[in-house]
1. Take the Cβ-Cβ distance between M172 and R244 as r, set R0 to 45 Å, and report the resulting FRET efficiency rounded to the nearest 0.05.
2. Can you find, among S53, S105, A209, the residue farthest towards the positive end of the dipole of the chain? Put +1 on the C-beta of Lys and Arg, -1 on that of Asp and Glu.
3. With axes computed from alpha carbons, what is the tilt in degrees of helix 16-36 against the longest principal axis of the chain, rounded to the nearest 10 within 0 to 90?
4. May I ask you to derive the FRET efficiency for A271 and R118 from their Cβ-Cβ distance with R0 = 51 Å, giving the value to the nearest 0.05?
5. Go through L157, H132, T116 and say which Cα lies farthest out towards the positive end of the charge dipole of segment 83-169; charges sit on Cβ, +1 for Lys and Arg, -1 for Asp and Glu.
6. Using Cα-Cα distances under 8 Å and only pairs 6 or more residues apart, what relative contact order does the chain have, in percent?
7. Calculate, for R92 and A152, the FRET efficiency according to 1/(1 + (r/R0)^6) with r their C-beta to C-beta distance and R0 25 Å; round to the nearest 0.05.
8. Between A30 and A134, how many nm apart are label points set 7 Å from Cα along the C-beta direction?
Amino acid sequence: MSGEHARPVTVRGNRVTPLAWMLLSSGLVAAGVWLACSEDVFGGAWFTHVCSSGLLLVVGLLGLLLAVSTIRTRVRVFPDRLEATVALGRTRTIHPGELARFRASGTGNDVVSAWTARGRPGFQTNRFHRHHDALEDWLDRNGGEPWAEHRAFSEKLTRRTKRKPVADTVSMLVIVAFFVTIIAICPGLFVLVAYDDAHQEQVTCTITAAEAITVSNRSAKGIGSSHPAVGIDSSDCGRLTFSRGIDDENQERTARAYDRAPGPYTFTVGAGSFWLRQHAPWARLGPTVYAISSPR
């Protein structure tokens, strides 16, 4: 059968991982679009509105770009030529003798890249991609001296002899968990603060004890800074922290007043963080308390 009509062998990586990244990135883009169109979430915090939605859109689009690039990257091996697609570039036809330079890179020198004599990208693949042996056979026959020199040099490099699927899966899960955590903190935390400021509600909580404490700020104006506050234990709302209007001068006095007069009080809280306290206690995020009715 002629090379023109022979059925090609496609060399490409596993598409499960990039498809998962594509779904995750699509979710980020959807969340960014939703936030961008939801002015009521942020109230008057326009800067947080723009930055949060913009960050989600940028990260999501970059993730989509990377995922699509990974899915498109492949090499189709014909008897008389290669048809290579790298990332979002167009498919290039490579004939015998056109490739002039090869390079091994990546963990374990698994990634193999090639360029033509004019410096144009030829192909990029991984030694553990499906059907990679067919590509190596084609290069052994048609790669000429540059490929022979690369093979001889790569034999001297430290290379992985086999895949480590368990280690690769664990590494990917760690990366995804880290990625999701970063997104949840920034811009998630800023969105929550802005939502609380714009959506305050009153609830009744029964105070059982109060004490003077020092807490770290979680607002967008100063994450990580410490300031005085009053820690309040309640029988029906859990542990609450009141820091609005509390300073070094009135901290002890305020804590003593509520500690000596336990009972039900009206709290003005952020609706978002209080909802999390009720429905996702594992988040370990205390509700924002804006005000408490005066001690009896």
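The values are calculated or read from the model by the stated rules, or taken from the named source; none is laboratory data. Not measured: the values here are computed from a predicted model. For neighbour counting, all protein chains shown are included, and Cβ atoms are generated from backbone atoms with ideal geometry for every residue, glycine included. We work out accessible area using only protein heavy atoms, side chains counted, and drop any ligands, DNA or RNA first. Shrake-Rupley method; radii C 1.70, N 1.55, O 1.52, S 1.80 Å.
1. The pair M172/R244 has a calculated efficiency of 0.55.
2. S105
3. The helix 16-36 is inclined about 40 degrees to the chain.
4. Efficiency, rounded to the nearest 0.05: 0.25.
5. Looking along the dipole axis, the top candidate is L157.
6. Values: 504 pairs, mean separation 42.2, N = 296.
Relative contact order comes out at 14 percent.
7. Working: r = 26 Å, r/R0 = 1.04.
In this case the efficiency is close to 0.45.
8. 3.6
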